[in-house]
Amino acid sequence: MTLINEVLSEVLNRLVQAVGEARVLQAAADMTPYLSDWHGDETGTAIAVVRPGSTSEVQSVLAICHEARVAVIPKAEIQDWYWEPCRQSRRPR
């Protein structure tokens, strides 16, 4: 195991301890909905998707990632009904 893999494994373990195993998604099928932009044109990759359930859990997640120098990309839930007019206007017909 490389040093990078060891560090990421430790980070994942600490994240599970901070927010619980059910809130740390690692399976590709579970992460897929979180790895694209709001209109579905751009996709990315991640070692995990973490779904903190409280402000204190957000603080813990960010502290763990900051300490390990692991990048965090926040993504908020967006209501489809609100963004639908914008989505349609951005795509060519």
Item checked: Per DSSP, loop GluC sites (Glu not before Pro) in segment 7-82 with at most 14 further Cβ within 10 Å -> E42, E77
Margin query: Which of the three applies to segment 1-44, rounded, prolate or oblate, going by the alpha-carbon gyration tensor with a ≥ b ≥ c and a/c under 1.5 meaning rounded?
Written below: oblate
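Here, each number is a calculation from the coordinates, and none is a lab measurement. It should be emphasised that the depicted structure is a prediction, and the values quoted were computed from it without experimental measurement. In this analysis, Cβ positions are derived from the backbone assuming ideal geometry, glycine residues included, and neighbour counts consider all displayed protein chains.
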